[in-house]
Amino acid sequence: MSEHDSVDLKPTPGDRLANFYKRSDVIQSTIFGVIVTGIFVILGGKFYTKWMPTVMSTDMKAIERLMVVFTWIAAPVCGVVLGVALYTFLNRHSGDTQPPDGPATRTNGPIVLLWSVVTSLLALTAVVYGITELNSSSIASAKNAEDAMVVNVTGSQWVWTFEYPKLGVTSHELMLPINHPVTFHVNSVDVNHSFWPVQLGVKVDANKVAETTAETTPNKLGEFDVKCAELCGLYHAYMETTGEVMTVDDFNNWVVAQGGHSA
Ligand SMILES: [Cu+2]
């Protein structure tokens, strides 16, 4: 055999990749991984639409979509990890002092490259999608800002107060008219709180030193929860109240009943 032949016989990266995929441990782990990925992709879509809080605003819809997409992106990574774990678990033998082990993958260039490129692409997709959603929601808020109804939200240990400056109403329940943009100006009189009308998809800090703002447009009639999402002392867990998205007529009636003047 000449020197030239022996160089030709060296396995190419392609050969190493092909051999890697012929290994029974790799085949079994891959099959488990694909099954786990499939389950997470199906459950990801179902979970958020079935068990997450009701979607009552455009922002909540965007958040739900974001969570479903992020679950799908994470599914293959979870699939690979659980696939290998399942293979290891099912192939253990009683009395083994060491778990079954194969050749190291860290010297397998093509596999390391594949793993790095795929996970980088998944992470990049998550970043780009997240930034795009954030941007489109700020554009929508800016568009709505002019005709938005202003509600001043004040957090105090351990009560939420909602003031409607243009309507002359103050309430401890957050009433909102449907399909009308609303801007929350959020403050605190004591410690840091976090204003969280759950089903509206809004969560924003309530600070004493600086006002924060958030916008949304409620688009579904019904009650929603308002909670505090920042540990703020002894009764933090009880710092909650209810809100309701109402028809415009019902909202105006409520305003009048509270002694205010309807818009
Ligand atoms: Cu709190």
Exercise for the section: Output the residues belonging to region 145-164 that are in contact with a strand residue (DSSP E or B) (Cβ under 6 Å, 6 or more places away or on another chain) and not in a strand (DSSP E or B). Expected result: ALA148
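Here is a yes/no grid of residues against (1) in contact with a Gly (Cβ under 8 Å, 6 or more places away or on another chain); (2) surrounded by 17 or more Cβ atoms within 10 Å (Cβ to Cβ):
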{"site": "TRP160", "(1), (2)": "no, yes"}
{"site": "LEU176", "(1), (2)": "yes, yes"}
{"site": "HIS185", "(1), (2)": "no, no"}
{"site": "VAL189", "(1), (2)": "yes, no"}
{"site": "TRP196", "(1), (2)": "no, yes"}
{"site": "THR213", "(1), (2)": "no, no"}
{"site": "THR216", "(1), (2)": "yes, yes"}
{"site": "LYS220", "(1), (2)": "no, no"}
Handout entry: Every residue from region 213-250 that is within 21 Å of the chain's Cα centre (by Cα), under 20 Å from HIS172 (Cβ atoms) and either within 16 Å of the ligand (Cβ to nearest atom) or among the charged types (D, E, K, R) (or both)
Key = ASP225, VAL226, LYS227, CYS228, ALA229, GLU230
Handout entry: Test for ILE73: is it in a helix (DSSP H, G or I) and more than 22 Å from VAL198 (Cα to Cα)
Key = yes
Completion exercise
When TRP115 is run through (1) in contact with a helix residue (DSSP H, G or I) (Cβ under 9 Å, 6 or more places away or on another chain); (2) part of a loop (DSSP other than H, G, I, E, B), the failure sits at (2)
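How many residues does region 130-162 hold that are over 17 Å from ALA214 (Cα atoms) and within 16 Å of the ligand (Cβ to nearest atom)?
Restricting attention to region 130-162, the residues satisfying the condition of being over 17 Å from ALA214 (Cα atoms) are 130-132, 156-159.
Checking the rest, the ones that are also within 16 Å of the ligand (Cβ to nearest atom) come to 156-159.
Final tally of qualifying residues: 4.
Here is a yes/no grid of residues against (1) touching a Phe, Trp or Tyr at 6+ places or on another chain (Cβ under 7 Å); (2) closer than 19 Å to VAL245 by Cα:
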residue	(1), (2)
VAL151	yes, yes
PHE162	no, yes
LEU167	no, yes
ASN179	no, yes
PRO197	yes, yes
LYS208	no, no
GLU215	no, yes
GLY222	no, yes
Practice task
Just give me the residues in region 38-49 being under 17 Å from GLY83 (Cα atoms) and in contact with a Phe, Trp or Tyr (Cβ under 9 Å, 6 or more places away or on another chain), in sequence order.
Solution key: PHE40, VAL41
Practice task
Output the residues belonging to region 163-181 that are away from the ligand (no atom under 16 Å from the Cβ) and under 17 Å from GLY259 (Cβ atoms).
Solution key: GLU163, TYR164, PRO165, LYS166, LEU167, GLY168, VAL169, THR170, SER171, GLU173, MET175
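Values quoted throughout were computed directly from the atomic coordinates according to the rules given, and no laboratory measurement underlies them. Only a predicted model underlies this, so the values are computations on that prediction, with no experimental measurement involved. So basically every Cβ, Gly included, is an ideal-geometry build from the backbone, and we count neighbours across all protein chains shown.
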